[in-house]
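Notes follow once the structure below has been shown.
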Protein chains: 2
Amino acid sequence: MENFELFGNTEKAQNFLDSIKSGKFLFSLVMSYTETCEIPGITFAGADKDSIKFTPPADAEYLYYGYCKTIDKIPMTPDGKPTPGLLTKTALESASIPHITINAGSKIPPKLPFIDTGMSFGKNISIQDAMTDSEVSHAVDYGRIVGRSLASLTDCLIVGESIPGGTTTSLAVLRAFGYDAKVSSSIPNNPVELKNQIVTSALKRIDSDHPYSVISKVGDPMIPFVAGMLSSASEVSKVMLAGGTQMTAILAFASKIGFNDENTAIGTTSYITSDESANFKNLISKIADIPAFAIDPGLKNSQFPGLKAFSDGFAKEGVGAGGSIISSMIKTGNNSQKFLELAEKEYRRLFTLQ
Amino acid sequence: MENFELFGNTEKAQNFLDSIKSGKFLFSLVMSYTETCEIPGITFAGADKDSIKFTPPADAEYLYYGYCKTIDKIPMTPDGKPTPGLLTKTALESASIPHITINAGSKIPPKLPFIDTGMSFGKNISIQDAMTDSEVSHAVDYGRIVGRSLASLTDCLIVGESIPGGTTTSLAVLRAFGYDAKVSSSIPNNPVELKNQIVTSALKRIDSDHPYSVISKVGDPMIPFVAGMLSSASEVSKVMLAGGTQMTAILAFASKIGFNDENTAIGTTSYITSDESANFKNLISKIADIPAFAIDPGLKNSQFPGLKAFSDGFAKEGVGAGGSIISSMIKTGNNSQKFLELAEKEYRRLFTLQ
């Protein structure tokens, strides 16, 4: 476990680790969608504009089947760098951690059994409200039900997300709640200017400081749903929010609706915490008194350029990769070197397959 | 536990009980639909013909919320006898057993988060095939995925069903597989003649003894889905099939596709095993070498005619009532007298509510 960097409340970090190391884990992938991702240049989560909406179901299918059904290949960037789901799948399989898919507003449902929530996708926040107040309310309520159910089945519920464009809506939510946030991106040369423009125009529509109203104006469906999950699940089990920027926005909103900070942690990759265009560590401390973990999966040592790219700033995080790797290491005792071996094996399998 | 009647393989019954008594339980409700239920006189699951399709989602909603969202009142017979879901809810709550809803072909989705399978409802087997072979295959595949996922989260997976008209399709499936089955009904004066007519005309369409083909001709979507669940789940955890007639049809089909009989049991009510128009106990022994349990919930002693009616042959079983009561008693040590107290309390709450 020497690979983890601990930050936030480090005393709670040790307690969190101690209490889950002999426990059971359950990974949940929350699929969602915001039309904000259709703004050119905002995301790399998909080979082109028209295929972005297939990324969440394809990520979910890949985790289940080892291949996708909705599209031919696994999600990757235009030049062939794979989804961070590859890291998630490697982690979950190596530790036999069960997982479940939740559709919280994906434009396309996955071709597998999944928890349905009856939620719609979010609108493009640069031009209109993301959703209605009543949709936010529905998302929180259903998130609370799902969170309670899943937490009752495990000792540590890991929550990851797949929502293209989600860093931009998260930035808007963080700013709306008064945080001086700079966020990461799936693109190494983070399109900061473009994101700021979108966020600035979105924030102008805010006319109430009610948290539900803020989310409806500038958020996305994933944020209130996962905040609802956290709110109820953290009363029952440990919860590891697996992700980077999006998890800080969830935490900001969850702080308004209430959650148990003794049972909550964030787990992410070192590619997020070392991103100089973002201020992840500082941000977490300002939002909530919880522990956070970052793992260096060691991909810079990979023989495959597609894996090495993560350490150069591509994708960085997503599909709950960081939190899954951390959980798998807690459960198996594997180190980064062993994880890299397994990730390369999976990469090779995919490459031979396609 | 002196209230249980053990039958089938009684040695395995004791082993099954011993292995789950300190374990965790998870209840799953599989909602489905067959248009066969629309034949007049075939079912009492709903106040009238047009409302039958709301019974599965209403049962699911009642278990979650304690009231229904799709309809105003909880499902009941035309003269006000409540759904057996009342017994299930009482059992699950008394033992804090978590539960999850699965939509495997319900005409109407429930207003709560549920596992979606992309399945369609079954057609009326008296006039046409229930579904296509590829729909049966999809049901089995998705059942296998869901079964594996849920079983990995518990020590004993309880599976109940809500499918109006399901005893008739089950009778057809049992006969098609060569069993001399007589089945129970939700109606005290079991419409045996009508069921036999329907089944006889349905069986004429069978032109292959391939198990998938048999199900597609005369079955319903719930049977192959739950058989798929059983097939994978019984490799991972104990599985208690909670129900009467339908569970024997599932067992007959599951025997064709394979399941682990060391980890499988049926749990039902004594109203099923004492039904003289059916031959439940005998049937189970012929189909598979598994244990079975029957519980007398003691409702004949109820002060409320609506509860006493179960012991007079109304509803008898459904929504996984028997298996849930048995599981709750294993977990809590409650006896029938205590269960009756709790069921009456729930009955009173509902009556005051409405």
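Along each principal axis, taking the top coordinate minus the bottom one, the Cα set of the range B:156-307 gives 51, 41, 24 Å in descending order. Each other copy places its own label point for A:ASN335 at 6.1 nm from this one, sorted shortest first, where the point lies 7 Å along the Cα-to-beta carbon line. Residues with beta-carbon under 13 Å from that of A:THR36, excluding A:THR36: net charge, scoring Lys, Arg +1 and Asp, Glu -1? In short, +2. Computed 3J(HN,Hα) for the range A:241-257, one whole-Hz value per residue from the Karplus formula 6.51 cos²θ - 1.76 cosθ + 1.60 where θ = phi - 60°, is 6, 9, x, x, 3, 4, 5, 6, 5, 4, 5, 5, 6, 4, 5, 7, 8, glycine and proline marked x. For the set A:LYS81/A:LYS338; A:LYS73/A:LYS300; A:LYS69/A:LYS217; B:LYS24/B:LYS73; A:LYS24/A:LYS345, the pairs lying more than 30 angstrom apart at their alpha carbons are A:LYS69/A:LYS217; B:LYS24/B:LYS73. With one equal scatterer per alpha carbon and no solvent term, the Debye-computed log10 I(q)/I(0) for the range A:4-349 at 0.07, 0.10, 0.12 1/Å reads -0.23, -0.49, -0.73.
Label-point spacing at B:PHE351 relative to the other copies reads 7.2 nm, in ascending order, each point sitting 7 Å out from Cα along Cα→Cβ. The charge dipole of the protein assembly as shown, taken about its Cα centre with unit charges on the Cβ atoms of Lys, Arg (+1), Asp and Glu (-1) only, comes to about 60 debye. The mean sequence distance of close C-alpha pairs (under 8 Å, at least 6 residues apart), as a share of the length of the range B:4-342, puts its relative contact order at 26 percent. Couplings 3J(HN,Hα) of the range A:174-181, computed from phi: 4, 4, 4, 8, x, 9, 7, 8 Hz, in residue order, whole Hz [Karplus 6.51 cos²θ - 1.76 cosθ + 1.60, θ = phi - 60°; x for Gly and Pro]. A simple charge model with +1 on the Cβ of Lys and Arg, -1 on the Cβ of Asp and Glu and nothing else charged puts the dipole of the range B:294-354 at about 140 debye relative to its Cα centre. Of the residues B:THR352, B:ILE284, B:ILE295, the one whose Cα sits farthest toward the positive end of the charge dipole of the range B:264-354, with +1 on the Cβ of Lys and Arg and -1 on the Cβ of Asp and Glu, is B:THR352. Simple rule: put +1 on each Lys or Arg Cβ and -1 on each Asp or Glu Cβ in the range A:4-349, find the dipole, and look at A:THR169, A:ASN190, A:GLY228; the Cα lying farthest toward the positive end is A:ASN190. Evaluating kT/(6 pi eta Rh) at 20 °C and 1.002 mPa s, with the Kirkwood radius of the protein assembly as shown over Cα pairs in the Stokes-Einstein relation, gives 82 µm² s⁻¹. Amide H contacts of A:GLU161 (H built 1.01 Å from N, in plane; Pro and chain starts excluded): A:VAL30, A:VAL319, A:GLY320 sit under 5 Å, all sequence-distant by 5 or more or on other chains. Here the average projected area of the convex hull drawn through the C-alpha atoms of the range A:55-161 stands at 8.1 nm².
Distances between copies of A:ASP18, taken at a point 7 Å out from Cα along the Cα→Cβ vector and listed shortest first: 3.8 nm. Rounded to the nearest 20 debye, the dipole magnitude of chain B is 440 debye, with +1 charges on Lys and Arg beta carbons, -1 on Asp and Glu beta carbons, and the Cα centre as origin. In this rough spin-label picture, where each label sits 7 Å from Cα along the Cβ direction, the A:ILE127-A:LYS73 distance is 3.0 nm. Mind telling me which of A:LYS195, A:LYS338, A:LYS182 comes out most flexible in a GNM of chain A, alpha-carbon contacts under 10 Å? The residue that fluctuates most here is A:LYS338.
Each value in this text was obtained by applying a stated rule to the coordinates, not by laboratory testing. Keep in mind that what you see is a predicted model, and the values were worked out from it rather than measured. All Cβ positions, glycine included, derive from the backbone under ideal geometry; neighbour counts span all protein chains shown.
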